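Below: one structure, written as structure tokens.
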Amino acid sequence: MTEINPMQRVNGLSLLASSLLALDGCGGGGGGAPDSSPHSGGAALNLIAATYLGGNDIDSVRDVCIDAAGFVYVVGGTASTDFPATGGAADTTFGGNNDAYLAKFTPDGDALVFATYLGGPNYDRAYAVEVDALGCAYVAGRAGAGFPTTPGSVQPLFGGDISPSPKYGAQDGFVTKFSADGGSVVWSTYFGNDESTIIRDLAIDAAGNAYVVSASNRPHWAVTPGAYDTTLAGEDVLIAKLAADGASVVWGSYYGGSGVDGGTPSVRVAPDDSVWVLAMTQSDDFPFTVGAYQPQRTGGSDMLLLHFSADGSALLAASAFGGNGAESCETHGLWITAAGDVVFGGGTSSDDLPFVAAAIPPPFQPSFGGSGGNGNGLGTDYAHDGFMAKLSADATTLLAFTYLGGANGDAIEGVGVDANGQIWCSGATYSNGFPTTGSAFQTTRHGKADQFIVGLSGDLSTLVYGSFCGGGDDDEGRSFAFAADGTLIAAGSADSDDYPTTLGAFQRVFGGLPQDACWFKLAP
């Protein structure tokens, strides 16, 4: 067992390569904020595809994934009764209220391979998708009573909810595995107890085991004997490994202090099958590990990095990351490099990052950009500045850091690292001064919030690429993926009826108020 350190005080003081090697994308300067003019040069990337996906009501994308052949998978939620479900798909009928969905596109974005509803009569939404080597998609999210599960799954029945949300009703998490052709469900299970449970991220390993992460403030059946932490302390992070057949929990563990921990966590499996979690903490007594880069919480809420052994029996590292404000993530903000280093990003209101002094390369943007002005993102995921950071594999050393944002609101949702070590991210911004490069396909913010894709050097000191993508209204960036051939995809939701769709795209016309799902693709 790793030794735990009690609470203590810390003084805060190339262009894109022509090919990116063997990576599937299932699953990111100078004083202060960047100026409002595009930076010269940058990677040469072209807009290959941009499309809406939606019907006569609200539709959203919450995650995107690319398989080894370049096909694009998106998941989210839809209230549209005419969502374009395809003949032969697992479910072509709207269940009611709001359904989750899974859609697979051709690599050029011009056609749907399949699209299926996934839901029952209550509120359901997908937040995460991963695809295995056989092309089977795993989808996870939140669901109400009546969600379709399969006999023999680890939890076929709804767990209940003692304090249901006025907006969403009673909720459990769910995980569903689809056949490669989207025509059937292989297995489907709830994942929840008698409180509201949401699964916002999902990882799979080479054997098809599924890793889910959530938060719990009541005893949970998925915590297993022999796991690192079987005692609930407050509202704790909950991490569990589900067997490849969906019929059992291999291991499940709590971890947290006496306060509120968890937030909207992300999960990734490292090359050695150990498991990393990116979460948030508000516990003053959070049990960080000895030698952790930042062994204390410093603001309203801090980022939290947790590293578990492959069998769940040991905690290898636990560190905070935060400053004098609040840090937050809205899932998909975590990446593990081939060397085991941890790259993560999100949003921050702290103007003193990095809080713990470290010998790092000069950041691309060393200072907080701000969050003021009209349309500053308050009340959205994009209220302050984005940031990116890299920690060593043992979570003891900060290797790189940068703010990423202009004078208004910005935040990161989706990160990745290519085979050359360059760090990529997506999200949304309300800032005219958000950094772009001369090679960008859109160098000017068009609406309220625009989506973006940004590439940075591996030490976060140099801008490689930056581009807006958006229309005249709010367009949100929710997730990011990339593939071996240099393809980059950002996905989210568009309120704009003039989102910059491409000629031949699957859906060029806005489906209907108030929002459509959308995604765009860049490639060398």
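The values are calculated or read from the model by the stated rules, or taken from the named source; none is laboratory data. As the structure is a computational prediction, the values presented were derived from the model and not from experiment. So basically every Cβ, Gly included, is an ideal-geometry build from the backbone, and we count neighbours across all protein chains shown.
Descriptive notes on the structure:
- Residues in segment 86-111 that are polar (S, T, N, Q) and over 12 Å from residue 51 (Cβ atoms) were compared, and the one that is surrounded by the fewest Cβ atoms within 10 Å (Cβ to Cβ) is 93.
- When 429, 462 are checked against the criterion of being surrounded by fewer than 24 Cβ atoms within 10 Å (Cβ to Cβ) and of a type in the set (Val, Ile, Thr), a single residue qualifies: 462.
- Of all residues making up segment 187-215, the number that are among the polar types (S, T, N, Q), over 14 Å from residue 155 (Cβ atoms) and surrounded by 23 or more Cβ atoms within 10 Å (Cβ to Cβ): 1
- Test: residue 159 is touching an Asp or Glu at 6+ places or on another chain (Cβ under 6 Å) and buried (at least 20 other Cβ atoms within 10 Å of the Cβ): yes
- Picking from residues in segment 301-321 that are small (Gly, Ala, Ser) and under 19 Å from the mean Cα position of the chain (by Cα), the one that is farthest from residue 405 (Cα to Cα) is 320.
- Strands (runs of 3 or more DSSP E) contained in segment 377-486 and holding at least 2 residues out of contact with any Phe, Trp or Tyr (no Cβ under 8 Å at 6 or more places or on another chain) and aliphatic (A, V, I, L, M): 398-404
- Close contacts from segment 68-81, counting a first residue that is of a type in the set (Phe, Trp, Tyr) and a second that is surrounded by fewer than 21 Cβ atoms within 10 Å (Cβ to Cβ) and in a strand (DSSP E or B), with Cβ to Cβ under 8 Å and a gap of 6+ residues or different chains, come to 71/113.
- Neighbours by Cβ (under 8 Å, 6+ apart or cross-chain): first from segment 503-521, assigned to a strand (DSSP E or B); second at pLDDT 95 or above and among the aromatic types (Phe, Trp, Tyr): 516/52; 516/499; 516/510; 517/52; 518/52; 518/499
- Each residue in segment 373-397 was checked for being modelled with pLDDT of 95 or more and either crowded, with 21+ Cβ neighbours inside 10 Å or of a type in the set (Lys, Arg) (or both), and 8 pass.
- Whichever residue in segment 216-240 is under 21 Å from the mean Cα position of the chain (by Cα) and of a type in the set (Gly, Ala, Ser) and, among such residues, is surrounded by the fewest Cβ atoms within 10 Å (Cβ to Cβ): 216
- Single residue of segment 57-116 satisfying the filter (outside any loop (DSSP other than H, G, I, E, B) and among the charged types (D, E, K, R)) that is farthest from residue 480 (Cα to Cα): 99
- No other residue among 447, 438, 433, 472 is over 21 Å from residue 70 (Cβ atoms) and modelled with pLDDT of 95 or more apart from 472.
- Where a residue in segment 447-474 is within 11 Å of residue 437 (Cα to Cα) and among the small types (Gly, Ala, Ser) and its partner, wherever it lies, is part of a strand (DSSP E or B) and modelled with pLDDT of 95 or more, with Cβ under 6 Å and at least six apart: 455/424; 455/464; 455/465; 466/437; 466/454; 467/453
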